[in-house]
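Inspection log for the structure reproduced underneath, given as structure tokens.
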Amino acid sequence: MSQSQETLSNLLQETRSFPPPAELAAAANVTAEAYDEAAADRLGYWAKQADRLTWSKRWDEILDWSNPPFGKWFVGGELNAAYNCVDRHVEAGLGAKIAYHWEGEPGDTRTLTYADLQREVNKAANALLELGVRKGDRVAIYLPMIPELPISMLACARIGATHSVVFGGFSSEALRTRIDDAQAKLVITADGGYRRGKPSALKPTVDEAVAQTPTIEHVLVVRRTGEEVAENERDVWWQDLVERQSDQHTAEPMDAEHPLYILYTSGTTGKPKGILHTTGGYLTHVAYTHSAVFDLKPETDVYWCSADIGWVTGHSYIVYGPLANGATSVMYEGTPDTPNKGRWWDIIRKYKVSIFYTAPTAIRTFMKWGDDIPAQYDLSSLRVLGSVGEPINPEAYVWYRENIGAGRTPVVDTWWQTETGGIMISPLPGVTSAKPGAAMRPLPGVSAEVVDDQGEPVPNGGGGFLVLTEPWPGMLRTIWGDDERYIKTYWSRFEGKYFAGDGAKKDEDGDIWLLGRVDDVMLVSGHNISTTEVESALVSHPKVAEAAVVGATDPVTGQAIVSFVIPRGSAGEEVEGAEFLAELRDHVARTLGPIAKPRQIMMVPELPKTRSGKIMRRLLRDVAENRSIGDVSTLADSTVMDLISEKLPSAK
Ligand code: ATP
Ligand code: MG
């Protein structure tokens with residue numbers, strides 16, 4: 001087969017597939033007909049999804065695309081996001097239904113019904129008003145995973161303030177730049193939260209950031225850990241201000257295009273971008289996809305998404321989607337290994353979680369820790385599993401299905417981005433025979449393609465660039481304050497199409513497999529090789545838990561493949577030896593062909609990851625090419641890079 005520089009090589013052959021369980025298929029929320037229905041009338045299909053919500057005023061036009069790439073959805077419509085997530089369920093008689101089973105890391109718990117949530121959100125909304133926050137103002141939220149986080153977001157939405165949630169683990173510098181970029185008036189924070197068995201302070205970071213931000217008028221502080229904090233004039237305690245407010249507040253309808261939130265991307269490929277989402281289209285998209293992709297039955301399911309709300313997955317699938325659908329969710333504050341490595345499985349057992357949504361990085365960590373840990377817990381309540389954040393290696397997918405889902409549960413691999421607002425490409429658990437490692441098909445209503453360098457669709461069996469060919473309701477409206485960057489980043493590479501920045505291939509059936517970032521693609525002897533396929537080949541070796549590969553300049557081949565590998569817990573000592581490294585290189589060559597054989601393999605204890613758990617290959621490329629290391633502000637643990645650099649000279 002001839003290879004050109006315009007296409008991505010398609011090396012990995014995966015033949016396993018898992019049909020949906022008959023019982024689930026028979027009662028599925030979305031059936032195969034939905035694809036035809038949406039294809040026949042795409043906008044009509046989305047309008048039908050918008051009817052899941054309660055609108056104060058109906059829209060005049062479904063989509064205004066007269067000024068691309070600036071789209072408007074449900075034009076002229078009015079609604080309030082907080083009303084849709086909370087009040088309407090109470091009005092429907094579901095006030096006593098549990099919205100969140102919250103579990104603190106130390107083991108303390110809180111149960112919030114929809115009626116509780118309504119009272120808490122109303123009080124917080126009244127408190128924001130007392131602090132002078134008004135419709136259109138921006139509020140930065142820097143909180144641990146405690147109930148006050150969704151409450152604060154909903155309180156903002158209720159009064160029309162635009163929230164900007166910043167990960168509780170970010171530095172004061174990262175917080176400061178996000179506050180300044182959004183010109184936020186208020187920061188909501190806490191004294192701290194619990195991580196790895198002890199209090200982890202947040203307030204000092206806020207104090208440092210706020211000392212240099214001209215726009216902040218007040219800092220609203222939740223008391224969580226009770227640790228001592230410095231008190232400044234602009235500080236207000238949540239427990240004083242919010243607790244004394246009235247629990248009555250009437251939500252004001254907002255225009256469908258009213259800015260709901262700004263959220264910065266994970267920063268995997270460079271400086272994070274402030275993504276702007278609005279109200280009606282976004283809420284439609286997340287409510288629909290949360291119901292369709294997880295087959296949510298709000299009366300009986302207990303749903304848990306293990307993401308942090310500081311990441312888009314948490315916004316869409318812990319807060320807005322589940323609440324809009326009236327779901328009962330679990331929310332957990334801490335780390336998966338506190339007090340022991342079975343904590344997550346214990347939470348699933350305890351709350352009888354039936355739908356579980358997590359990231360490949362977590363799954364690979366559990367593989368590394370060993371099968372015997374989840375095996376100790378009763379996980380029989382589970383019926384649908386989901387994955388998001390990175391391509392899931394087929395081995396990790398099968399491990400997840402077997403060890404967590406007992407070989408029964410469908411696994412939905414969901415592709416989307418901060419920018420898309422909600423899930424775009426994913427199997428449907430009651431319809432799709434899912435292949436491990438494939439995101440499969442665009443959801444009904446979504447139009448995606450894999451194109452070559454010229455923007456032409458690649459044939460089945462070919463690889464190239466993933467694009468979205470039609471606007472969608474949850475799409476970002478712009479990069480906050482930077483329309484030019486919005487156009488340049490997403491809409492300039494291919495005329496009239498949204499460029500996602502990800503490589504992908506279509507298999508012989510036309511199903512879509514994500515192949516990693518286009519920026520990370522390696523050009524080896526004239527072949528474009530995806531990082532994902534080589535990593536998946538490495539992970540398919542029984543002694544490998546995690547792998548990251550990058551292309552490093554090579555005098556002979558242009559670029560050569562350099563791999564960083566974390567061994568599985570059970571792998572033993574021999575993984576450092578030359579013999580084992582040779583075996584691994586041969587394993588890759590056997591799986592993918594000699595072209596994909598790594599030049600170097602390095603055993604490392606950890607990989608550099610973003611706070612949302614994604615591997616930051618650009619930093620590994622810096623190491624492999626002996627450059628100074630680039631922007632690390634979104635790195636979860638900065639010491640990881642030192643550990644890896646130390647390893648380099650001994651590389652085989
Ligand atoms: P930045 O844009 O700042 O570099 P980021 O792209 O990591 O950061 P996110 O919006 O959190 O920020 O992540 C979206 C990206 O995550 C996608 O573009 C894709 O590369 C990857 N991704 C998410 N889900 C999947 C999936 N199911 N399969 C493959 N890749 C995925
Ligand atoms: Mg991105």
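The values are calculated or read from the model by the stated rules, or taken from the named source; none is laboratory data. Here the structure is a predicted model, which means the values were calculated and not measured. Positions of Cβ are backbone-derived with ideal geometry, glycine not excepted, and every protein chain shown enters the neighbour counts. Protein only, heavy atoms only, side chains kept; ligands, DNA and RNA dropped before computing areas. Shrake-Rupley method; radii C 1.70, N 1.55, O 1.52, S 1.80 Å.
With crowded, with 17+ Cβ neighbours inside 10 Å, within 28 Å of the chain's Cα centre (by Cα), over 26 Å from PRO442 (Cα atoms) and hydrophobic (A, V, I, L, M, F, W, C) as the only criterion, which of TRP102, TRP73 stands out?
Values: TRP73 fails: over 26 Å from PRO442 (Cα atoms).
Result: TRP102 is the single residue among TRP102, TRP73 that is crowded, with 17+ Cβ neighbours inside 10 Å, within 28 Å of the chain's Cα centre (by Cα), over 26 Å from PRO442 (Cα atoms) and hydrophobic (A, V, I, L, M, F, W, C).
So if I check each of ILE629, ILE615, ILE644, which one is surrounded by 13 or more Cβ atoms within 10 Å (Cβ to Cβ), in contact with a strand residue (DSSP E or B) (Cβ under 6 Å, 6 or more places away or on another chain) and either more than 19 Å from GLU390 (Cβ to Cβ) or among the hydrophobic types (A, V, I, L, M, F, W, C) (or both)? Only one candidate passes the filter, namely ILE615.
Any residue in segment 468-480 that is more than 26 Å from VAL165 (Cα to Cα), in contact (Cβ under 8 Å) with a residue 12 or more places away in the chain and either part of a strand (DSSP E or B) or not acidic (Asp, Glu) (or both)? Yes, that holds for at least one residue. Just so you know, in segment 331-342 the residues that are surrounded by fewer than 23 Cβ atoms within 10 Å (Cβ to Cβ) and under 21 Å from the mean Cα position of the chain (by Cα) include one that is nearest to ASP295 (Cα to Cα), and it is TYR332.
Among all residues of segment 424-433, there is none that is buried (at least 20 other Cβ atoms within 10 Å of the Cβ) and closer than 29 Å to ASP622 by Cβ.
Quick check on my filter: what residues within segment 504-522 are of a type outside the set (Phe, Trp, Tyr) and away from ligand 2 (no atom under 16 Å from the Cβ)? Before you say what the answer is, go through the steps one by one.
Of the residues in segment 504-522, the ones of a type outside the set (Phe, Trp, Tyr) are 504-512, 514-522.
Listed by number, the residues that qualify are LYS505, LYS506, ASP507, GLU508, ASP509, GLY510, ASP511, ILE512, MET522.
For segment 170-216, the candidate set comprises residues that are part of a strand (DSSP E or B) and of a type in the set (Gly, Ala, Ser); within that set, the residue that is farthest from THR109 (Cα to Cα) is ALA201. So in segment 275-326, with the set limited to residues that are closer than 30 Å to ASP64 by Cβ and assigned to a strand (DSSP E or B), which one is nearest to ligand 1 (Cβ to nearest atom)? Per the stated criteria, the residue is ILE275.
Can you find even one residue in segment 484-495 that is modelled with pLDDT of 95 or more, aliphatic (A, V, I, L, M) and either open to solvent by 10 Å² or more (accessible area, probe 1.4 Å) or within 15 Å of ligand 2 (Cβ to nearest atom) (or both)? Yes, segment 484-495 contains at least one residue that is modelled with pLDDT of 95 or more, aliphatic (A, V, I, L, M) and either open to solvent by 10 Å² or more (accessible area, probe 1.4 Å) or within 15 Å of ligand 2 (Cβ to nearest atom) (or both).
Just one of the numbered conditions (1) away from ligand 2 (no atom under 12 Å from the Cβ); (2) of a type in the set (Gly, Ala, Ser); (3) part of a strand (DSSP E or B) is not true of GLY501: (1). The set of residues from segment 203-216 being open to solvent by less than 60 Å² (accessible area, probe 1.4 Å) and acidic (Asp, Glu) comprises just one member, ASP207.
The set of residues in segment 216-266 that are touching a Gly at 6+ places or on another chain (Cβ under 7 Å) and within 16 Å of ligand 2 (Cβ to nearest atom) comprises ILE262, TYR264.
Please note which strands (runs of 3 or more DSSP E) are completely contained in segment 80-143 and include at least 2 residues that are within 30 Å of ASP346 (Cα to Cα) and in contact with a Ser or Thr (Cβ under 9 Å, 6 or more places away or on another chain).
On the way: elements: 98-103, 109-113, 138-142.
In segment 80-143, 98-103, 138-142 are the strands (runs of 3 or more DSSP E) which contain 2 or more residues that are within 30 Å of ASP346 (Cα to Cα) and in contact with a Ser or Thr (Cβ under 9 Å, 6 or more places away or on another chain).
Per this entry, THR250 is counted among residues that are without any contact (Cβ under 8 Å) to a residue 40 or more places away in the chain and in a loop (DSSP other than H, G, I, E, B).
Evaluated against (1) within 13 Å of ligand 1 (Cβ to nearest atom); (2) modelled with pLDDT of 95 or more, THR361 falls short on exactly one condition, (2). The set of residues in segment 414-470 being within 16 Å of ligand 2 (Cβ to nearest atom), closer than 19 Å to ASP520 by Cα and aliphatic (A, V, I, L, M) consists of LEU466, VAL467.
Okay, residues lined up against (1) within 16 Å of ligand 1 (Cβ to nearest atom); (2) modelled with pLDDT under 90:
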position	(1), (2)
ALA560	no, no
ALA578	no, yes
LEU592	no, no
ARG599	no, no
PRO605	no, yes
LEU620	yes, no
ASP631	yes, yes
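Put simply, of LEU117, LEU128, LEU112, LEU143 the only residue that is aliphatic (A, V, I, L, M) and either out of contact with any helix residue (DSSP H, G or I) (no Cβ under 6 Å at 6 or more places or on another chain) or open to solvent by 10 Å² or more (accessible area, probe 1.4 Å) (or both) is LEU112. On the basis of being away from ligand 1 (no atom under 13 Å from the Cβ), open to solvent by 20 Å² or more (accessible area, probe 1.4 Å) and among the aromatic types (Phe, Trp, Tyr), does TRP480 make the cut? Here the answer is yes, as TRP480 does meet what is asked. Would you check if HIS277 is touching a Pro at 6+ places or on another chain (Cβ under 9 Å) and within 16 Å of ligand 2 (Cβ to nearest atom)? So HIS277 passes the test. For segment 217-272, a tally of residues being farther than 23 Å from ALA115 by Cβ and either open to solvent by 20 Å² or more (accessible area, probe 1.4 Å) or within 16 Å of ligand 1 (Cβ to nearest atom) (or both) returns 34. Residues of segment 365-409 that are in contact with a helix residue (DSSP H, G or I) (Cβ under 8 Å, 6 or more places away or on another chain), within 22 Å of ILE425 (Cα to Cα) and of a type in the set (D, E, K, R): ARG383, GLU390, GLU395.
Evaluate segment 284-295: report whether one residue or more is more than 16 Å from ligand 2 (Cβ to nearest atom) and under 21 Å from TYR486 (Cα atoms). Full working, then the answer.
Within segment 284-295, the subset more than 16 Å from ligand 2 (Cβ to nearest atom) is 284-295.
Keeping just the survivors that are under 21 Å from TYR486 (Cα atoms) gives 285.
Yes: segment 284-295 contains one or more residues that are more than 16 Å from ligand 2 (Cβ to nearest atom) and under 21 Å from TYR486 (Cα atoms).
Among the residues of segment 548-562, what is the count of those that are in a loop (DSSP other than H, G, I, E, B) and buried (at least 20 other Cβ atoms within 10 Å of the Cβ)?
Residues of segment 548-562 that are in a loop (DSSP other than H, G, I, E, B), as a first pass: 555-557.
Checking the rest, the ones that are also buried (at least 20 other Cβ atoms within 10 Å of the Cβ) come to none.
Total satisfying the criteria: 0.
Can you find even one residue in segment 368-388 that is at pLDDT below 95, of a type in the set (Lys, Arg) and either open to solvent by less than 10 Å² (accessible area, probe 1.4 Å) or away from ligand 1 (no atom under 16 Å from the Cβ) (or both)? Yes, segment 368-388 contains at least one residue that is at pLDDT below 95, of a type in the set (Lys, Arg) and either open to solvent by less than 10 Å² (accessible area, probe 1.4 Å) or away from ligand 1 (no atom under 16 Å from the Cβ) (or both).
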